[in-house]
Amino acid sequence: MSILVYTESENGKLKKAALEVVSYAKAIADQMGTSVTALAVNAENVETLGNYGASKVLLVNNEALKEFNAKTYSATLQQAAKKEGAQVVVLSSSANSKYLAPLLAVGLEAGYVSNVVEAPSSVSPFTVKHSAFTNKAFANTEINTEVKIVGLSNNSFGLVEADGSATVEDFSPSLPDSGVTVTSVDKATDKVSIADAEIVVSGGRGLKGPENWGMIEDLAEVLGAATACSKPVSDLGWRPHSEHVGQTGKPVASNLYIAIGISGAIQHLAGINASKVKVVINTDPEAPFFKAADYGVVGDAFEVVPKLVEKLKAF
Ligand code: FAD
């Protein structure tokens, strides 16, 4: 019996969310009196997962899993879960996990709850708190199936270091035909990804045009942040679609979200409500974003942002 965690990596490097899901799984394992097994695919330095509470790592090295495919990854996880007799499977809330988890839930006949934000309040019955209604409310849900799948909201639990080390075991699942062949991948950007970022600096139509994006990038650079934008900005082609956040774009669960020249329409807020601290800079004191924000500056972005960058650089 164990808790199985799917730890995501990119180009062989474990993501921060991978360390967070292991930390989270360790908290469940302590409550259940069991141990954590991490599953890593084509990743390096996986023994570091022991520093966050994994006692074993199943390491899959297989070229066929180089590109994410929900069918082959689900088969891999199902076989790992059965091998380990997993009672609970934990995943992050990445875009890939959101494809993977429902397929896995069907394969393991498991109940699945996504957007979980805390360690279970009880493991018998197994009860998790998760966000609901686009992060406007929280719900507590019991999972009553034999195997339980939990999707942890990014940046909700944090990293917790543990005293321990992990043994690494090679694991070779048998893979089904994925049904597709990826012929090439064009990465939109090499910058900090919105999903992994601690801080996101986001611009809206108030910035008037793509020629003014330099100040957003300057602020992001000085803060080590990812850049994002509202939907109209990407629709207008000012920024790539990969930066569009909101209901129809990427979800953001950063520690700090800075919205510049964004009105705060309900569809935008739906994607960023899970961020811990929200700051808005807007000329219009009636902009709806001020109601959702923790801090607000009523002011012209063209004056406020360069001054902010200057102050932060002097820090
Ligand atoms: P605007 O609404 O034009 O707001 C610009 C803001 O900038 C204003 O508040 C203004 O006061 C301020 N401003 C102007 N000049 C300055 C200045 N110099 N300094 C500081 N502030 C200034 N939108 C999303 O973002 N994400 C989504 O996922 C999304 N999904 C949608 C789905 C559906 C089905 C629909 C119908 C809409 C969706 N939208 C989405 C669009 C959404 O409704 C809004 O139209 C959009 O979010 C507005 O973008 P904005 O705030 O950048 O622009």
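Each value in this text was obtained by applying a stated rule to the coordinates, not by laboratory testing. These numbers were taken from a predicted model, which means no experiment stands behind them. Here Cβ is always computed from backbone atoms with ideal geometry, including for glycine, and neighbour counts include all displayed protein chains.
Below is a table of values for the structure above.
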| item | result |
| --- | --- |
| With Cα atoms, 0 to 90° folded angle of helix 16-32 axis to the chain main axis | 50 |
| Cβ charges +1 (Lys, Arg) and -1 (Asp, Glu), total dipole of the chain, debye | 540 |
| Overall form of the stretch 38-98 per C-alpha gyration tensor (a/c, 1.5; a/b vs b/c) | rounded |
| Beta bridges per DSSP with both ends in the stretch 95-202, % antiparallel, nearest 5 | 70 |
| Antiparallel %, DSSP beta bridges [both residues in the stretch 11-136], to 5 | 40 |
| Protection proxy ranking of 16-24, 136-144, 222-230, 92-100 - average other beta-carbon atoms within 10 Å, highest first | 16-24, 222-230, 92-100, 136-144 |
| Added length on full extension, which subtracts the Cα-Cα distance from 0.36 nm per residue, Asn144 to Lys13 | 43.7 nm |
| Residue-span extension gain [Lys276 to Phe290] - 0.36 nm each, minus C-alpha spacing | 3.5 nm |
| Part-to-part distance (alpha-carbon centres) for the stretch 3-29 and the stretch 163-214, which is given in Å | 15 |
| Paramagnetic reach from Lys83 in the stretch 164-188 [backbone N under 13 Å; point 7 Å along Cα→Cβ] | 168-175 |
| Estimated FRET transfer efficiency when R0 is 25 angstrom, pair Gln247-Val298 (beta carbons, to 0.05) | 0.45 |
| Projected label distance in nm at Glu221 and Glu310, using a 7 Å step from Cα toward the beta-carbon | 1.7 |
| Neighbourhood net charge (11 Å Cβ-Cβ; Lys/Arg +1, Asp/Glu -1) for Leu100 | +1 |
| Counting DSSP beta bridges with both ends in the chain, the antiparallel % (nearest 5) | 20 |
| Highest-first arrangement of 110-123, 246-259, where packing means the average Cβ count within 10 Å | 246-259, 110-123 |
